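See below for the structure under consideration.
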Amino acid sequence: MNKNYGWETAWNTLFSKSVKKPKYVVQSSLNKLLFYFLKLRFENRINRRMKKNYLSKEGYEKLDKELRDLKTRGRKEIANDIAEARAKGDLSENAEYDAAKEAQGHLESRIAELENTLATSSIIDERNIDDTKAYLLSTITILNHKTDKEMKYTLVSKDEADFKEGKISVDSPIGQGILGKEVGDVVKVDVPAGQLKLEILKIERLRS
């Protein structure tokens, strides 16, 4: 049997003009399509993240806290929203119900993503990292030769990246360019705005 039969049938049901469709059939088909595309999106992310992920202790605890919050408070709030929307009657023309179900799908997708990230992650032991090179959790001061300005970034995993806080992912163009480099090294990094010539001036590691 074709494993895609469910979503293909739902698609054909929604967009076929030959048969008049009851409202409950339309709603059921929409739910099947939503579930399929969320599942596909999650599977694609899993395939990209099969390699081992490394997190700081702070980053691991932050993601774990978010996961626990979503599985308790988040699910409870969504359940209440769905119940309130159901109470208003006809679900086929109930925008609040549709919005609540969509929010539920996004919530469950984020929960699955966090569970996978935490399950495949290891907490970095900073004692085993070379302080003379730019690695995860290193804070690096670099000189942009084009603008003659200094920039300071901390290298983190993609799950902890926050540009506003000066935390960039080791998977980003700059992160990949300076990873493993030493003070005095000059690297060229391709970014959307062009090519940057960066010189590493200082490498620090904050101890907890």
> Could we say that Leu107 is touching a Gly at 6+ places or on another chain (Cβ under 9 Å), assigned to a helix (DSSP H, G or I) and at pLDDT below 80 here?
Replying inline: no
>> I'm trying to understand the selection: among the residues of the range 107-122, which are surrounded by 12 or more Cβ atoms within 10 Å (Cβ to Cβ), of a type outside the set (Val, Ile, Thr) and without any contact (Cβ under 8 Å) to a residue 60 or more places away in the chain?
In response: Leu107, Arg110, Leu114, Glu115, Leu118
>> What are the pairs with Cβ atoms under 6 angstrom where one residue, in the range 73-88, is closer than 18 Å to His106 by Cβ and the other, located anywhere, is assigned to a loop (DSSP other than H, G, I, E, B)? Sequence gap at least six, or different chains.
In response: Ala85/Asn94
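So, in the range 124-179, exactly how many residues are among the small types (Gly, Ala, Ser), outside any strand (DSSP E or B) and farther than 15 Å from Leu196 by Cα?
Number satisfying all stated conditions: 4.
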>> Please go through (1) β-branched (Val, Ile, Thr); (2) over 24 Å from the mean Cα position of the chain (by Cα); (3) modelled with pLDDT of 85 or more for Ile178 and return the number of the only condition it doesn't satisfy.
In response: (2)
> Based on what the data block shows, is Leu155 surrounded by 15 or more Cβ atoms within 10 Å (Cβ to Cβ) and in the same structural domain as Ile178 (by TED's automatic domain parsing)?
Replying inline: yes
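Within the range 155-201, work out how many residues are among the basic types (Lys, Arg) and touching a helix residue (DSSP H, G or I) at 6+ places or on another chain (Cβ under 8 Å).
So the answer is 1.
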> Which of the residues belonging to the range 156-191 are among the acidic types (Asp, Glu) and touching a residue at least 24 places away in the same chain (Cβ under 8 Å)?
Replying inline: Asp159, Glu160, Glu182
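The values are calculated or read from the model by the stated rules, or taken from the named source; none is laboratory data. Predicted, not measured: the structure shown is a model, and the values here were computed from it. Positions of Cβ are generated from backbone atoms using ideal geometry, with glycine treated the same way; all protein chains shown enter the neighbour counts.
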